[in-house]
Amino acid sequence: MYPALVLVSFTLWAAAAWAQAPPASGEPELGRVFCDQSLTYRIAEPATVPEPYRVFLGPWSDAAWDANTCAALVVENIDPDGTAAIIYAYGPLGSNARVGGRILHGTGIIRGGELRFQNSDGTQFAFRPGIADLIGRMTTPSGQSYEAAFKKTL
């Protein structure tokens, strides 16, 4: 019984230590405010992302869907099958805007040169590479469509 108790204790200790340790990506965790939302993110090493998808990797910001709504996208990692770990943030554009802000963590998929995802209310997003930007398209459940250029953020 004693060896089993030691094994269980060690397993619990190791799990607790692992849960507190930062991810072993080798990349530092970064933080920044986008659209009045404070984000913390970690970008994968580009060499670990398939070459055709690298153009999407990183933080993208300075976008506005309309006169009141700021938006930013962070693509943290992309798997070989095109599945992307993303953070999408939106908030007020300017001090007079009446738009609430929010941060969404989720998954997108890259197909046909376009990164796509959908939020919980059914709003659909699609991003394609431009010359130096990502061109984003947002389509609401009611069918309204908006387009914005997202700038690569350093």
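The values are calculated or read from the model by the stated rules, or taken from the named source; none is laboratory data. None of these values were measured; they are calculated from a predicted model. Each accessible area value is taken on the protein alone, full model and side chains, heavy atoms only, with ligands, DNA and RNA left out. Shrake-Rupley method; radii C 1.70, N 1.55, O 1.52, S 1.80 Å.
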Review point. What ³J(HN,Hα) values, in whole Hz, does the Karplus curve 6.51 cos²θ - 1.76 cosθ + 1.60 give for segment 82-96 when θ = phi - 60°, with x put for Gly and Pro?
Key: x, 6, 10, 8, 10, 10, 10, 10, 9, x, x, 9, x, 6, 8
Review point. In a solvent-free Debye calculation with one equal scatterer on each Cα, what is log10 I(q)/I(0) for segment 51-103 at q = 0.31 Å⁻¹, listed in the order of the q values?
Key: -1.13
Exercise for review: Sort segment 30-154 into rounded, prolate or oblate with this rule: let a ≥ b ≥ c be the square roots of the eigenvalues of the Cα gyration tensor; rounded if a/c is under 1.5, and if a/c is not under 1.5, prolate when a/b is larger than b/c, oblate otherwise.
Suggested key: prolate
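What accessible area per residue comes out for segment 63-154, rounded to a whole number of Å², with a 1.4 Å probe?
Details: 4740 Å² over 92 residues.
That works out to 52 Å² per residue.
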Check your understanding: How much accessible area does residue 51 have with a 1.4 Å probe, in Å² rounded to the nearest 10?
Key -> 120 Å²
